[in-house]
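The values are calculated or read from the model by the stated rules, or taken from the named source; none is laboratory data. Quantities reported herein were computed from a predicted structural model and do not represent experimental measurements. Every residue, glycine as well, gets a Cβ built from its backbone with ideal geometry; the counts of neighbours run over all protein chains shown. Side chains included, ligands, DNA and RNA excluded: accessible areas come from the protein's heavy atoms. Shrake-Rupley method; radii C 1.70, N 1.55, O 1.52, S 1.80 Å.
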Amino acid sequence: MSNGADNFYKSDKVILQKVTFDNQYKMKVVGNLFTPKGLDRNARHPAIIVGHPMGAVKEQSSNLYAQKLAERGFVTLAIDQSFWGESEGQPRNAVAPEIYSEAFSAAVDYLGTQSFVDRDRIGVLGICGSGSFVISAAKIDPRMKAIATISMYDMGAASRNGLKHSQMLEQRKKILEAAA
């Protein structure tokens with residue numbers, strides 16, 4: 001436990017099911033589907049997809065948020081982004097924002113196939129780096145009806161400008177030259 005937060009929390013009020021589905025690049029995405037115990041599977045329920053921070057996996061903060069939301073009656077799906085955790089992708093730990101954003105649409109596809117999910121009430125929650133990916137995904141996927149971020153980190157702006165705009169234009173040009 002760090003500062004009272006248990007990132008590896010295991011709820012006794014929800015059921016965990018490991019699931020897999022393909023993204024549009026034919027890569028397997030692995031997720032943890034959480035449903036409240038006693039969920040009426042003959043009714044349709046709202047669902048929330050939860051994305052992890054950059055450098056993390058679903059078993060860390062994503063599962064914590066997904067379980068807490070499932071305890072409150074939502075169907076939730078914590079996913080490993082492609083290249084991370086149990087999801088496919090080479091090289092491992094690659095940074096590919098467009099593929100990350102697409103994973104949320106693939107997760108909407110998957111949830112839409114579940115008879116107990118209300119396809120018109122699917123939301124997305126991005127933690128840290130995933131915060132920017134869920135916004136990118138929602139801009140082009142109208143099936144995402146609610147979008148939320150927690151401790152959003154705008155990787156693009158940080159890469160372009162440095163943290164808190166700490167890099168001047170000449171410094172950024174040198175970084176681009178070195179990368180090239």
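Just so you know, in the range 10-36 the residues that are over 18 Å from Glu102 (Cα atoms) and among the polar types (S, T, N, Q) include one that is most open to solvent (accessible area, probe 1.4 Å), and it is Gln17.
For (1) β-branched (Val, Ile, Thr); (2) more than 28 Å from Pro36 (Cβ to Cβ), each residue gets a yes or a no:
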| site | (1), (2) |
| --- | --- |
| Glu71 | no, no |
| Thr76 | yes, no |
| Gln81 | no, no |
| Val117 | yes, no |
| Ser132 | no, yes |
| Asp141 | no, no |
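On inspection, Gln67 fails the criterion of being surrounded by fewer than 20 Cβ atoms within 10 Å (Cβ to Cβ), out of contact with any helix residue (DSSP H, G or I) (no Cβ under 6 Å at 6 or more places or on another chain), within 20 Å of Tyr9 (Cα to Cα) and not charged (D, E, K, R).
In the range 98-117 there is no residue that is open to solvent by 10 Å² or more (accessible area, probe 1.4 Å) and in contact with a Pro (Cβ under 7 Å, 6 or more places away or on another chain).
Once the range 1-35 is narrowed to residues that are part of a strand (DSSP E or B) and farther than 17 Å from Asp80 by Cα, the residue that is modelled with the lowest pLDDT is Ser2.
None of Ala178, Ala158 is assigned to a helix (DSSP H, G or I) and within 23 Å of the chain's Cα centre (by Cα) except Ala158. Scan the range 161-175 for residues that are among the polar types (S, T, N, Q) and outside any loop (DSSP other than H, G, I, E, B) and jot them down. Asn161, Gln171 - these are the residues of the range 161-175 that are among the polar types (S, T, N, Q) and outside any loop (DSSP other than H, G, I, E, B).
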